Each structure stands twice: as structure tokens, then as C-alpha cells.
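One structure below.
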Amino acid sequence: MSGVRADRALTDGTDTVLPRSRLWAAGGRALTHSGLLFGIVVVLLATLAAIAPQTVARQDPLAQDIGNRLIPPAWMTGGKPEWFLGTDHLGRDILSRVLYGSRVSLAVGLWSVAIGGPIGLLLGLLAGYRGGVMDVLVMRLVDLHLAFPFVLLAMALIAILGPGLWKMVAVFSLTSWMLYARTVRASVLSLREREFVQAARAMG
């Protein structure tokens, strides 16, 4: 009877519930990991502070106050609560400057990964799965990129393209895709000869 019930469950389509239940179980185990939860909370707080810095930083990040310059952080001797992280040499609030500046860093990082990641993923997949000339071309292009120091290559591209937020995103995208390509290629090479891939090829 148990075998009949199992067959009925499979034919009724209830086997599709198993991946979902496993996914929920994996999510539940991940939420019980203290280190993961701490990292998620830190990333969320940093993201929210970057999106809406005015909720945390009350000072103007560009306002100068020479009379209150070089004030130490609030928890140190001589610090003041209104300048939690202190002030710089021009009297500007460091906390406000950090939070407002984090918006630019967050935007550049997210867009660089969103552009460079798919490029590296696609080239890594093609190089690892197709092999041959495609693999040689992609890997030689990766080696050519890695032959130049990152800072030198970024400075050269900025000198050619000029300053600007989207130009900075383009520079980081062009200089980061090969990291994703190498990682994906290595994974594809290890999976290409597995039994389920050979079975899929045999089935057409």
C-alpha cells in the first residue's frame, strides 16, 4: 500500500512540493545561523543608511565650520554628541560625509556587478562548455586583462573616458568580468563530464 501511495503522489504531481519544502528547510537553517544573521543585519542597515542618509546624519556633509574643526568622535575626550564621528579639517561632519558618500559606493558596486557579472558568466559558460577555440580566446583575453595591474588599468581608462559616475561603473565592469569568467569556467569544466550531462547529451 505504501508503494501505491508513493506512486499516486508522484503521478498526481505532488513531488513538486519536495523542492519547495527543502528550500524552506534550508532557509530555516540559514536563519538560525548567528553569523549569517549578523551579516544580513549589517548589510541591510548599511543599505538603508546609504539610501536615506538624512535619517541618521543631521548635518550637511558640505557645510564648513572652521570653529569646530578636528573635533574627535563623541566617545573620546573633547567629542560632542552632534558630531558622532567628529569633524575634518574644514569642520565638516564625518558621519554625514561617510553616509552620503556610501550612496555613490553602493551604486557603483551594484551596477558594476550587474553589468560585469553576466558578461563573465556568459563567457565563462561558453569557454568551459564549448572548449576549443572559444576557450582559448576567452582565457587569453582574461590573461591579457590580468597582466595589467588593476589600479593602472583603471587610471588609464578614467584618463581616456573622463570623470563621471557611469564612466566609473564602466571601468569597474570592464575590469571585473574576468574574475567571474574564470570561476564559472572552472565549475563548468568540472561538471561537463558528469554522468547527468552525458545522459542529457545522449537523450538529445
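From the helices alone, meaning DSSP H stretches of at least four residues, give me the mean residue ellipticity at 222 nm for the chain, per-run term -39500 (n - 2.57), in deg cm²/dmol to the nearest 500.
Values: 9 runs with 141 residues, N = 204.
It lands at -23000 deg cm²/dmol.
Between K80 and A74, the built amide H atoms are under 5 Å apart, and every one of these is 5 or more places off in sequence or on another chain. Using a/c under 1.5 as the rounded threshold, could you call segment 59-131 rounded, prolate or oblate? The axes a ≥ b ≥ c are square roots of the C-alpha gyration tensor eigenvalues, and prolate needs a/b larger than b/c, oblate otherwise. The shape class here is prolate.
Answer rounded, prolate or oblate for the chain, using the Cα gyration tensor with square roots of eigenvalues a ≥ b ≥ c: rounded when a/c is under 1.5, else prolate when a/b is larger than b/c, else oblate. Oblate. Annotation for N68 and K167: the two label points, set 7 Å from Cα along the Cα-Cβ direction, are 3.6 nm apart. The modelled label-to-label distance between H89 and F148, using points 7 Å beyond Cα along the C-beta direction, is 3.3 nm.
Assuming charge only on the beta carbon of Lys and Arg (+1) and of Asp and Glu (-1), the dipole of the chain about its Cα centre is about 280 debye to the nearest 20. Compared with the direct C-alpha span, the chain from R103 to I158 gains 17.8 nm at full extension, assuming 0.36 nm per residue.
Using a 1.4 angstrom probe on heavy atoms only, work out the carbon and sulfur share of the accessible area of the chain in %.
Details: 10030 of 14240 Å².
Using a 1.4 Å probe with all protein chains present, the chain comes out at 70 percent carbon and sulfur.
Model label points for A202 and Q54, set 7 angstrom from Cα along the Cα-to-Cβ axis, are 6.6 nm apart.
Label segment 130-204 by shape, choosing from rounded, prolate and oblate, from the square roots a ≥ b ≥ c of the eigenvalues of the Cα gyration tensor; if a/c is under 1.5 it is rounded, and otherwise prolate applies when a/b is larger than b/c, oblate when it is not.
Details: a/c = 3.76, a/b = 2.80, b/c = 1.34.
It comes out prolate by the Cα gyration axes.
Between S190 and V113, full extension at 0.36 nm per residue minus the direct alpha carbon distance yields a gain of 25.3 nm. Using the Cβ-Cβ distance between V43 and R22 with R0 set to 45 Å, the FRET efficiency from 1/(1 + (r/R0)^6) comes to roughly 0.95.
So, for the chain, what is the accessible surface per residue at a probe of 1.4 Å, expressed in square angstrom? Please report the intermediate quantities before stating the final value.
Numbers: 14240 Å² over 204 residues.
Result: 70 Å² per residue.
The values are calculated or read from the model by the stated rules, or taken from the named source; none is laboratory data. In this text, all values refer to a predicted model and were calculated from it rather than measured experimentally. Here Cβ is always computed from backbone atoms with ideal geometry, including for glycine, and neighbour counts include all displayed protein chains. Just so you know, the surface numbers come from the protein's heavy atoms only, side chains and all, with ligands and any DNA or RNA stripped out. Shrake-Rupley method; radii C 1.70, N 1.55, O 1.52, S 1.80 Å.
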